């Protein structure tokens, strides 16, 4: 039997993956967003270097093959917490591939390590969403 797991980790960075909005702070809905977060026309993402460094570190620790180049693409889908209807991701060209995590005498194969933005979350406030 094979079991697959997809594990998501929020990296300990001060700003989001593609803009300078803080990852922590005021927790009021829509308090940490900008034109890039919202996907507004004319807004341009800026890649968080620290997140890339952390992703590379994780991929190396897991013994992944690191490609010479990688890129981000838009994964399009409709979901209530994804207001711009696309997620920027490295899914198709990950930062690391074919790694191994040693667990006792077992080798747990790692298919990929990739970075992607967290689309957000839906939060109920009182009788409103």
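Among 78, 86, 18, which one shows the biggest mean-square fluctuation in a GNM of the chain, springs joining Cα atoms closer than 10 Å? Comparing 78, 86, 18 in the GNM, the peak value goes to 78.
With the cut-off at 1.5 for a/c, could you classify the stretch 8-49 from its C-alpha gyration tensor as rounded, prolate or oblate? Please list the in-between numbers first.
Working: a/c = 2.16, a/b = 1.19, b/c = 1.82.
Because a/c hits 1.5 or more and a/b fails to exceed b/c, the stretch 8-49 counts as oblate.
Report summary: the helix-based calculation at 222 nm, which adds -39500 (n - 2.57) for every DSSP H run with n ≥ 4 and divides by the residues of the chain, gives -3500 deg cm²/dmol.
Across all directions, the shadow cast by the convex hull of the chain built on its C-alpha atoms averages 10.5 square nanometres.
Separation of the stretch 48-72 from the stretch 1-38 is 18 Å, based on Cα centroids. Relative to the dominant Cα principal axis of the chain, helix 49-61 is inclined by about 20°. GNM remark for the chain: springs join alpha carbons under 10 Å apart, and the peak mean-square fluctuation among 108, 95, 66 falls on 108. Taking 112, 49, 28 in turn, the Gaussian network model of the chain (Cα-Cα springs below 10 Å) assigns the largest fluctuation to 28.
Rule-based calculations on the coordinates, nothing more; no lab input. Everything numeric here is computed off the predicted structure, so don't read it as measured data.
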